[in-house]
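The values are calculated or read from the model by the stated rules, or taken from the named source; none is laboratory data. As the structure is a prediction and not an experimental result, all values here were calculated from the model. Please note: Cβ atoms are built from the backbone with ideal geometry, for glycine as well, and neighbour counts cover all protein chains shown.
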Amino acid sequence: MQTQAPGSRLERLDALRGLAMVWMSFYHLCFDLKHFGLIAQDFYRDPLWTTQRTLIVSAFLLCAGAGQALAIAQQQSARQFARRWVQIAACALLVSLGSWWMFPTSFIYFGVLHGMAIMLLILRWAAMRWPGHDGLWWLAGAAALALPWWGPALVAANPGLRVLDERWLNWIGLVSRKPVTEDYVPLLPWLGVMIWGHVGMRTLLRRQPHGLHRPLHAPGRALAALGRWSLSYYMLHQPVMLGLLLAWRWFSGP
C-alpha cells in the first residue's frame, strides 16, 4: 500500500461522510416531527424508513472503515487513535444518557457510536496484525454480514443460547429477536460493513491513489467541509433540531 502524507485528508471520503450526515439530518427531522405528532409515520416497520436507516448507518460505517485504512496508511500513532476513540466512546455515553432522558423504556445502550467504538478496536487490532490478504478481508466481511441470519436458528436448536438475547450479550448481534431500543447497531452484521469499507479503501489506495485526490466541485467541497466535523455535528444536530421544534411549538401556540 502506498504511504500517504501524515494528516492529509481525502476530500472525497469527507464528502461521502457529509452526504450521509445530510441524509441523517433529514431522517431525524422527520422522526422528530413524528415524535411531536406533526406527521404520522411508522419508523420501526415501514420499509420507507427502515431501509433509509440501514443505508445511512452503512454509509457511516463504510466511511469509518475507510478512514481507518487511510489512518493506517498515514502511520497514525496508537496515541492518536486512542484520543479519537475516547472521543467516540464519550459521545456514545452521552447518547445513552440523553436517550434515557427522552425514552426511558427504549433508551440507546448500543447504537451506532457504541458499535463504532467496539468495531474500531477490533478493526485496528486486526489490521495492524494482518495487513495483507485482501481476499480474506472481503470474506471476513461477508461472514460478519451473514452470521446474524443464523441467530434465530441457533437459538431454536439450542434453547440455552437465549442468553444471547439478554442486554449484556445482545450487542454481539446473534439474537432471535430485536431488542426494544431506539437505535441498535450490534457487532454483527455491522462489523462486516466496516471491514468492507476498510478493505475497499486499502484497494483504492494501492491501485488508484491519485484518483482519490481529484478536486471536487463546489457542492462536493461543501459536503466535505461538513464531513470533517462529523462527530461534533452528530452530537449537536438533534438537540438543535429538537430545540427549534420546541421553540416553534411554543411561539405558534396551542
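Within segment 30-52, does at least one residue satisfy the condition of being in contact with a Lys or Arg (Cβ under 6 Å, 6 or more places away or on another chain), surrounded by 17 or more Cβ atoms within 10 Å (Cβ to Cβ) and either closer than 30 Å to HIS213 by Cβ or free of Cβ contacts under 8 Å to residues at least 40 places away in the same chain (or both)? Scanning segment 30-52 turns up no residue that is in contact with a Lys or Arg (Cβ under 6 Å, 6 or more places away or on another chain), surrounded by 17 or more Cβ atoms within 10 Å (Cβ to Cβ) and either closer than 30 Å to HIS213 by Cβ or free of Cβ contacts under 8 Å to residues at least 40 places away in the same chain (or both).
SER232 fulfils the conditions (1) touching an Asp or Glu at 6+ places or on another chain (Cβ under 7 Å); (2) at pLDDT 95 or above; (3) polar (S, T, N, Q) except for a single criterion, (1).
On inspection, ASP165 qualifies as farther than 21 Å from LEU62 by Cβ and of a type in the set (Asp, Glu). The residues of segment 183-192 that are in a helix (DSSP H, G or I) and either crowded, with 23+ Cβ neighbours inside 10 Å or not aliphatic (A, V, I, L, M) (or both), listed by number, are PRO189, TRP190, LEU191, GLY192.
Taken together, the residues in segment 177-222 that are farther than 30 Å from PRO104 by Cβ and among the polar types (S, T, N, Q) amount to 2.
Scanning segment 9-33 for residues that are at pLDDT 95 or above and either among the polar types (S, T, N, Q) or outside any helix (DSSP H, G or I) (or both) yields one hit, SER25. Name the residue that is surrounded by the most Cβ atoms within 10 Å (Cβ to Cβ), counting only residues in segment 134-173 that are of a type in the set (A, V, I, L, M) and closer than 17 Å to LEU123 by Cα. Once the filter is applied, the top-ranked residue is ALA144.
Selection of helices (runs of 4 or more DSSP H) fully inside segment 100-160 by the criterion of at least 1 residues being within 17 Å of ARG177 (Cα to Cα) and free of Cβ contacts under 8 Å to residues at least 12 places away in the same chain returns 151-157. Restricted to segment 39-57, and to residues there that are in a loop (DSSP other than H, G, I, E, B) and in contact with a helix residue (DSSP H, G or I) (Cβ under 9 Å, 6 or more places away or on another chain), the residue that is nearest to LYS178 (Cα to Cα) is TYR44. Scanning segment 213-254 for residues that are surrounded by 11 or more Cβ atoms within 10 Å (Cβ to Cβ), outside any helix (DSSP H, G or I) and of a type outside the set (A, V, I, L, M, F, W, C) gives a single hit, ARG228. Scanning segment 53-68 for residues that are without any contact (Cβ under 8 Å) to a residue 24 or more places away in the chain and buried (at least 17 other Cβ atoms within 10 Å of the Cβ) yields a total of 0. Scanning segment 193-212 for residues that are part of a helix (DSSP H, G or I) and either over 24 Å from the mean Cα position of the chain (by Cα) or hydroxyl-bearing (Ser, Thr, Tyr) (or both) returns THR203, ARG206, ARG207, GLY211. Under the condition of being buried (at least 17 other Cβ atoms within 10 Å of the Cβ) and small (Gly, Ala, Ser), which residue from segment 69-88 is farthest from VAL180 (Cα to Cα)? Out of the qualifying residues, it is ALA73.
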